[in-house]
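Report on one structure; see the data block that follows.
The values are calculated or read from the model by the stated rules, or taken from the named source; none is laboratory data. Predicted, not measured: the structure shown is a model, and the values here were computed from it. Cβ placement follows ideal geometry from the backbone for every residue including glycine, while neighbour counts extend to all protein chains displayed. SASA here: full protein model, heavy atoms, side chains in, ligands and nucleic acids out. Shrake-Rupley method; radii C 1.70, N 1.55, O 1.52, S 1.80 Å.
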Amino acid sequence: MSDKSKYQVDENGMYGRFGGAFIPEMLQPNIDNLKKVYLDIINSEAFQKEYKSLLKDYVGRPSPLYLAKRLSEKYGTNVYLKREDLNHTGAHKINNTVGQILIAKHMGKERIIAETGAGQHGVATATACALMGLKCVVYMGEVDIKRQAPNVARMKMLGAEVKAAQSGSKTLKDATNEAMRDWICNPEDTFYLIGSVVGPHPYPDMVARLQAIISEEIAWQIKEKTDKEYPDYVIACVGGGSNAAGSFYHFLDDERVKLVAVEASGMGVSSGETAATIAMGDLGVIHGSKTFLMQSDDGQITEPYSISAGLDYPGIGPIHAHLHDTKRATIISATDQEALDSALELTQLEGIIPALESSHALAALGKMKFKPDDAVVITISGRGDKDMETYMNRFGF
Amino acid sequence: MNRIQKLLQEKKDIFSAYFTAGYPHLEDTMPVLEALQEAGTDLVELGMPFSDPLADGPTIQKSSEDALENGMSIKKLFEQIKDMRKTIDMPIVLMGYFNPVFKYGVEAFVAKCKEVGVDGVILPDLPFDEYNDKYQQLFEDANISNIFLITPQTPDERIKLIDANSNGFIYMVSSAAVTGAKSGLSDQQLAYFNRVNNLGLSTPRIIGFGISNKETFTTACKYASGAIVGSAFVKLLAEKGADKVSINDFVKGIKDTSEK
Ligand SMILES: Cc1ncc(COP(=O)(O)O)c(C=O)c1O
């Protein structure tokens, strides 16, 4: 696809009025360096060959595009599930970590750092590091370490060091701060492997390109599975926005394809307990990027809430802020309860237990009107194994 | 000429202290400023606390958290320092992260700085290009110095660009570190100071990060117009509170023996 697209990042690292690299000078050389090389590396034959082969044989791609017949019947349309839950490590996150680890290797970096909230990106990073034999340090909020014990154990088993972020609210945003501090202190040998389309330019663009495989596959799979040339809708959940960015990427300039991103509204958009950044946030700078974020009147970043640990980021990737601004995408939200209901529904209609994050995307089915002949693609970003404790508590199994 | 430019023209071995506004108690901002001045401090960086201070180490993180808990905000800070020029002659630099200032409104912020007598601003995560594009005129019209950071990794070309667009001082970060990371200045750091000093810059430098005692302060002053003590001073406030006597002892203990 053309880099001239008005929905893509421009040469200044901006998506419209969003994005950029609002970073302290200490990070500037690292960011400048990455900015200089990332496109050349990604576009190189050597990278593409290695990346594509890992995606195929290690991650298990292409992930199926599955026509969910019973779900389709229920909603009177044609629902296709993009099965990122079937990837190795159980979510889309691995597409990005396998790609960035190769970039890190090309740059000669020896030590990988990452932030993680629920632990999915941490596990995907630790996995890629184990695969490549690179040292791995994952920052995780102290509160999240307690909430996500199985993923902490997984990372440790994979050989990663899990460091507790003890500042602020001790969750994802603080883990991100801690990772950035580490990078400031280790500018030479360390690569910061960010887990979503957030952070300073070029991260949002780099991660979007590495997740773009999702829409690349949807584009040919929909032709294979239907008599249509393109899907009518592509729907994905948004935390930072990487699975959504990947699901939308190759359709950005094809305005016939309606793009829908679903935020987590927690207890409700206006409840004060929400992660619906577009609905409730306003413009500011978070982790080096100008975008919408949840903040107080004094510009302090506030802690979001969602039942789903992967969606409670107080900001949103600048690409999505721009897609919202330009009305290219529709941003809606789903509550905890709606996501839970959708998780149970998918499980019992199709025999697929989705991640809580992905269940927010599924909730769009009950919130929008579709035509009987529409092809509606919903990205199932991950599987529900990690959420079984929540499901057990909430459903009383 | 603003107070920063005047100070740097007239003095060497400038002793500068950083502390977080509204810490340890909300109303300590003015008493600490006054105690610092009385003790002979030349310049103060007054920290505007932020929820996500990603260039700061544990000491300043904690002070920011406590200050926010105390109810500190930019609005509150401007109230606290609205009459400071009745008692404070030192140049005052506000230091903080960009988001709270952006939320306050950069124009309103600069206007308020001018009104209360703030001389300079350090916003480490406001990138040079963004400043250059959108805010430089605003700052210069108000005679407020925007202070940039440089680090051992900053390329010479960029240092020169920063120099050409600075009118107060350049904050020379001593090492690849967050605040309060370590003390002591290695040969490698001294070599970096020398490298920068040989670039023929027109803007004076003040060294910060890792300056915590008489020894590091004295060494730093040999390579720059002065040095900034941050975490070590915030630690003192954490232990002793806004206590005049201990602040006086602290400043004198670092500063008085620095004459070369
Ligand atoms: C399964 C799953 N889906 C979605 C997300 C949200 O991330 P993003 O918005 O970057 O896709 C996460 C994050 O941890 C996740 O684990």
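In the stretch B:33-62, which residue that is hydrophobic (A, V, I, L, M, F, W, C) and away from every other protein chain (no Cβ under 13 Å) is nearest to A:Leu293 (Cα to Cα)?
Initially, the stretch B:33-62 is screened for residues hydrophobic (A, V, I, L, M, F, W, C), giving B:33, B:35-36, B:39, B:43-44, B:46, B:48, B:50, B:54-55, B:60.
After this cut, where a residue has to be away from every other protein chain (no Cβ under 13 Å) as well, the list is B:33, B:35-36, B:39, B:43-44, B:46.
On the way: B:Leu33: 34, B:Ala35: 38, B:Leu36: 37, B:Ala39: 42, B:Leu43: 35, B:Val44: 32, B:Leu46: 26 Å.
Only one residue fits best here, namely B:Leu46.
For the stretch A:159-243, give me every one of the helices (runs of 4 or more DSSP H) that falls completely inside it and has 2 or more residues that are within 22 Å of the chain's Cα centre (by Cα) and more than 16 Å from the ligand (Cβ to nearest atom). So that I can check it myself, show each step before the final result.
On the way: elements: A:172-185, A:203-211, A:213-225.
Because the criterion is at least 2 residues that are within 22 Å of the chain's Cα centre (by Cα) and more than 16 Å from the ligand (Cβ to nearest atom), the helices (runs of 4 or more DSSP H) in the stretch A:159-243 that meet it are A:172-185, A:213-225.
For the stretch A:259-266, indicate whether the set of residues that are open to solvent by 10 Å² or more (accessible area, probe 1.4 Å), more than 14 Å from the ligand (Cβ to nearest atom) and either within 24 Å of A:Ala21 (Cα to Cα) or not aromatic (Phe, Trp, Tyr) (or both) is non-empty.
Going through the stretch A:259-266, the residues open to solvent by 10 Å² or more (accessible area, probe 1.4 Å) turn out to be none.
Within the stretch A:259-266 (the criterion being open to solvent by 10 Å² or more (accessible area, probe 1.4 Å), more than 14 Å from the ligand (Cβ to nearest atom) and either within 24 Å of A:Ala21 (Cα to Cα) or not aromatic (Phe, Trp, Tyr) (or both)), the answer is no, since none of the residues qualifies.
If you go through the stretch A:276-290 one residue at a time, how many are away from chain B (no Cβ under 11 Å), open to solvent by less than 10 Å² (accessible area, probe 1.4 Å) and either assigned to a loop (DSSP other than H, G, I, E, B) or closer than 16 Å to A:Thr176 by Cα (or both)? Break it down into steps so the answer makes sense when it comes.
Taking the stretch A:276-290 as the starting set, the residues that turn out to be away from chain B (no Cβ under 11 Å) are A:276-281.
Those left that are additionally open to solvent by less than 10 Å² (accessible area, probe 1.4 Å): A:276-277.
Still in the list and also either assigned to a loop (DSSP other than H, G, I, E, B) or closer than 16 Å to A:Thr176 by Cα (or both): A:276.
Count: 1.
Just one of A:Gly199, A:Gly168 is within 12 Å of another protein chain (Cβ to nearest Cβ) and open to solvent by 10 Å² or more (accessible area, probe 1.4 Å); which is it? Show your work before the answer.
On the way: A:Gly199 fails: open to solvent by 10 Å² or more (accessible area, probe 1.4 Å).
After ruling out the rest, the residue left standing is A:Gly168.
Being assigned to a loop (DSSP other than H, G, I, E, B) and basic (Lys, Arg) narrows it down to one of A:Arg61, A:Arg70, so name that one.
Numbers: A:Arg70 fails: assigned to a loop (DSSP other than H, G, I, E, B).
Being assigned to a loop (DSSP other than H, G, I, E, B) and basic (Lys, Arg) holds for just one of A:Arg61, A:Arg70, which is A:Arg61.
Kindly evaluate B:Leu185 against the criterion of being crowded, with 20+ Cβ neighbours inside 10 Å and either hydrophobic (A, V, I, L, M, F, W, C) or closer than 30 Å to B:Thr29 by Cβ (or both). Step through it out loud before you land on a result.
Numbers: crowded, with 20+ Cβ neighbours inside 10 Å: yes; either hydrophobic (A, V, I, L, M, F, W, C) or closer than 30 Å to B:Thr29 by Cβ (or both): yes.
In short, yes.
Conditions (1) open to solvent by less than 60 Å² (accessible area, probe 1.4 Å); (2) touching a residue at least 60 places away in the same chain (Cβ under 8 Å); (3) within 10 Å of the ligand (Cβ to nearest atom), marked per residue:
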position	(1), (2), (3)
A:Glu303	no, yes, no
A:Arg328	yes, yes, no
A:Ser333	yes, yes, no
A:Gln337	no, no, no
A:Ala343	yes, no, no
A:Arg383	no, yes, yes
A:Gly396	no, no, no
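Return yes when B:Lys160 is over 19 Å from the mean Cα position of the chain (by Cα) and charged (D, E, K, R) and no when it is not.
So B:Lys160 fits the description; yes.
Within the stretch A:48-69, does at least one residue satisfy the condition of being open to solvent by less than 10 Å² (accessible area, probe 1.4 Å), within 16 Å of the ligand (Cβ to nearest atom) and touching a residue at least 60 places away in the same chain (Cβ under 8 Å)?
yes
Which of the residues that make up the stretch A:345-362 are over 13 Å from A:Lys74 (Cβ atoms), touching a strand residue (DSSP E or B) at 6+ places or on another chain (Cβ under 6 Å) and open to solvent by less than 10 Å² (accessible area, probe 1.4 Å)? Steps first, please.
Keep residues of the stretch A:345-362 that are over 13 Å from A:Lys74 (Cβ atoms), which gives A:347, A:351-361.
Right, trim to touching a strand residue (DSSP E or B) at 6+ places or on another chain (Cβ under 6 Å) and you get A:354-355, A:357-358, A:360-361.
Listed by number, the residues that qualify are A:Pro354, A:Ala355, A:Ser358, A:His360, A:Ala361.
Looking at the stretch B:145-190 only, could you name the residues that are of a type in the set (Gly, Ala, Ser) and more than 12 Å from every other protein chain (Cβ to nearest Cβ)? Show your work before the answer.
Within the stretch B:145-190, the subset of a type in the set (Gly, Ala, Ser) is B:145, B:164, B:166, B:168, B:174-177, B:180-181, B:183-184, B:186.
Hits for the stretch B:145-190 are B:Ser145, B:Ala164, B:Ser166, B:Gly168, B:Ser183, B:Gly184, B:Ser186.
Which of the residues belonging to the stretch A:91-116 are within 11 Å of the ligand (Cβ to nearest atom) and among the hydroxyl-bearing types (Ser, Thr, Tyr)? Lay out the reasoning, then the answer.
Start the filter on the stretch A:91-116 by keeping residues that are within 11 Å of the ligand (Cβ to nearest atom), which leaves A:91-96, A:115-116.
The answer is A:Thr116, and nothing else.
Which residues, taken from the stretch A:73-89, are of a type outside the set (D, E, K, R), under 21 Å from A:Lys369 (Cβ atoms) and open to solvent by 10 Å² or more (accessible area, probe 1.4 Å)? Break it down stepwise before answering.
In the first step, residues of the stretch A:73-89 are kept if they are of a type outside the set (D, E, K, R); the result is A:75-81, A:86-89.
With the extra rule that they be under 21 Å from A:Lys369 (Cβ atoms), the set shrinks to A:75-81.
Residues satisfying the conditions are A:Tyr75, A:Gly76, A:Asn78, A:Tyr80.
Taking the options A:Gly299, A:Gly310, A:Gly317, name whichever one is crowded, with 24+ Cβ neighbours inside 10 Å and more than 11 Å from the ligand (Cβ to nearest atom). I'd like the intermediate steps shown before the answer.
Values: A:Gly310 fails: more than 11 Å from the ligand (Cβ to nearest atom); A:Gly317 fails: more than 11 Å from the ligand (Cβ to nearest atom).
Result: A:Gly299 is the single residue among A:Gly299, A:Gly310, A:Gly317 that is crowded, with 24+ Cβ neighbours inside 10 Å and more than 11 Å from the ligand (Cβ to nearest atom).
Taking the condition surrounded by 20 or more Cβ atoms within 10 Å (Cβ to Cβ), in contact (Cβ under 8 Å) with a residue 12 or more places away in the chain and of a type in the set (A, V, I, L, M), does B:Leu138 pass?
Numbers: surrounded by 20 or more Cβ atoms within 10 Å (Cβ to Cβ): no; in contact (Cβ under 8 Å) with a residue 12 or more places away in the chain: yes; of a type in the set (A, V, I, L, M): yes.
Against the criterion (surrounded by 20 or more Cβ atoms within 10 Å (Cβ to Cβ), in contact (Cβ under 8 Å) with a residue 12 or more places away in the chain and of a type in the set (A, V, I, L, M)), B:Leu138 does not qualify.
Per-residue answers, yes or no, for (1) over 18 Å from B:Phe50 (Cβ atoms); (2) crowded, with 19+ Cβ neighbours inside 10 Å; (3) at pLDDT below 95; (4) aliphatic (A, V, I, L, M):
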{"site": "B:Ile74", "(1), (2), (3), (4)": "no, yes, no, yes"}
{"site": "B:Lys86", "(1), (2), (3), (4)": "yes, no, no, no"}
{"site": "B:Met90", "(1), (2), (3), (4)": "yes, yes, no, yes"}
{"site": "B:Val101", "(1), (2), (3), (4)": "no, yes, no, yes"}
{"site": "B:Cys113", "(1), (2), (3), (4)": "no, yes, no, no"}
{"site": "B:Gly117", "(1), (2), (3), (4)": "yes, no, no, no"}
{"site": "B:Val121", "(1), (2), (3), (4)": "no, yes, no, yes"}
{"site": "B:Pro127", "(1), (2), (3), (4)": "no, yes, yes, no"}
{"site": "B:Asp156", "(1), (2), (3), (4)": "yes, no, no, no"}
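Please enumerate the residues belonging to the stretch A:73-112 that are in a strand (DSSP E or B) and hydroxyl-bearing (Ser, Thr, Tyr). Walk me through it before giving the result.
So in the stretch A:73-112, the residues in a strand (DSSP E or B) come out as A:78-83, A:91, A:111-112.
Matches in the stretch A:73-112: A:Tyr80 only.
Output the number of the condition that B:Lys82 fails; it satisfies all remaining conditions of (1) open to solvent by less than 30 Å² (accessible area, probe 1.4 Å); (2) more than 18 Å from the chain's Cα centre (by Cα); (3) of a type outside the set (Gly, Ala, Ser).
So the condition that B:Lys82 fails would be (1).
Of these, A:Asp232, A:Asp189, A:Asp227, which one is within 14 Å of chain B (Cβ to nearest Cβ), open to solvent by 10 Å² or more (accessible area, probe 1.4 Å) and more than 23 Å from A:Ala309 (Cα to Cα)? Outline the logic, then answer.
Working: A:Asp232 fails: within 14 Å of chain B (Cβ to nearest Cβ); A:Asp227 fails: within 14 Å of chain B (Cβ to nearest Cβ).
Result: A:Asp189 is the single residue among A:Asp232, A:Asp189, A:Asp227 that is within 14 Å of chain B (Cβ to nearest Cβ), open to solvent by 10 Å² or more (accessible area, probe 1.4 Å) and more than 23 Å from A:Ala309 (Cα to Cα).
Taking the condition of being out of contact with any helix residue (DSSP H, G or I) (no Cβ under 8 Å at 6 or more places or on another chain), open to solvent by 40 Å² or more (accessible area, probe 1.4 Å) and either under 26 Å from B:Gly96 (Cβ atoms) or part of a helix (DSSP H, G or I) (or both), how many residues in the stretch B:196-219 meet it?
1
Which residue out of B:Glu65, B:Glu115 is more than 16 Å from the chain's Cα centre (by Cα) and within 10 Å of another protein chain (Cβ to nearest Cβ)? I'd like the intermediate steps shown before the answer.
Values: B:Glu115 fails: within 10 Å of another protein chain (Cβ to nearest Cβ).
Going through B:Glu65, B:Glu115 in turn, just one is more than 16 Å from the chain's Cα centre (by Cα) and within 10 Å of another protein chain (Cβ to nearest Cβ): B:Glu65.
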